[in-house]
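The values are calculated or read from the model by the stated rules, or taken from the named source; none is laboratory data. Keep in mind the model is a prediction, meaning the values are calculated, not measured. Using ideal geometry, Cβ is built from the backbone for each residue, glycine included, and neighbour counts are taken over all protein chains shown. Note: accessible area is taken over every heavy atom of the protein model, side chains too, but ligands, DNA and RNA are not part of it. Shrake-Rupley method; radii C 1.70, N 1.55, O 1.52, S 1.80 Å.
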Amino acid sequence: QVQLLESGGGLVRPGGSLRLSCLVSGMSSMEFALHDMSWYRQAPGKDREWVATKDHGHVTDYADFVKGRFVVSRDNLNHSTHLQMYNLRPADTAVYYCHGHPVGRESTYDVWGQGTQVTVSS
């Protein structure tokens, strides 16, 4: 059974930093390497939105609202992905979710973590 476990969320002041981690279990190294790994977030009362992706070819992409502030990375050896967040704003307050999409497969094969809360407040 594939599981994604996020960690690293918490309360931080505006302008602060946090590093989120997502550890994936239940996959072989090859399977993990063939997943595009992404981060999404969902603020209270809002739809879940895409934040960043580090795909199977290590190409990165970011939503405009985090460009220049967030950095996504992945470690295929340790089956993990990370989201380093800098210069956090109150608008970044949300539950952050780790997401994996197997290359060439339908979205029904996508996997999600349970989320980690990030709160940016003074």
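Here are the numbers for the structure shown:
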{"item": "Filtered residues of the stretch 1-20 (kept if touching a Gly at 6+ places or on another chain (Cβ under 8 Å) and either open to solvent by 50 Å² or more (accessible area, probe 1.4 Å) or of a type in the set (Lys, Arg) (or both))", "result": "GLN1, VAL2, GLN3, LEU5, ARG19"}
{"item": "Considering residues of the stretch 83-122 that are open to solvent by 20 Å² or more (accessible area, probe 1.4 Å) and among the acidic types (Asp, Glu) only, the residue nearest to the chain's Cα centre (by Cα)", "result": "ASP110"}
{"item": "Pairs, first in contact (Cβ under 8 Å) with a residue 40 or more places away in the chain in the stretch 65-87, second part of a loop (DSSP other than H, G, I, E, B) and not basic (Lys, Arg), C-beta under 7 Å, six or more apart", "result": "HIS79/MET27; MET85/SER17; TYR86/SER17; ASN87/GLY15"}
{"item": "Qualifying residue in the stretch 55-70 (condition: aliphatic (A, V, I, L, M) and assigned to a strand (DSSP E or B))", "result": "no"}
{"item": "Residues within the stretch 1-20 that are part of a strand (DSSP E or B) and among the hydroxyl-bearing types (Ser, Thr, Tyr), tallied", "result": "1"}
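Yes/no matrix, rows are residues, columns are (1) closer than 20 Å to SER121 by Cα; (2) open to solvent by 40 Å² or more (accessible area, probe 1.4 Å); (3) not in a helix (DSSP H, G or I):
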{"site": "CYS22", "(1), (2), (3)": "no, no, yes"}
{"site": "PHE32", "(1), (2), (3)": "no, no, no"}
{"site": "TRP50", "(1), (2), (3)": "no, yes, yes"}
{"site": "THR81", "(1), (2), (3)": "no, no, yes"}
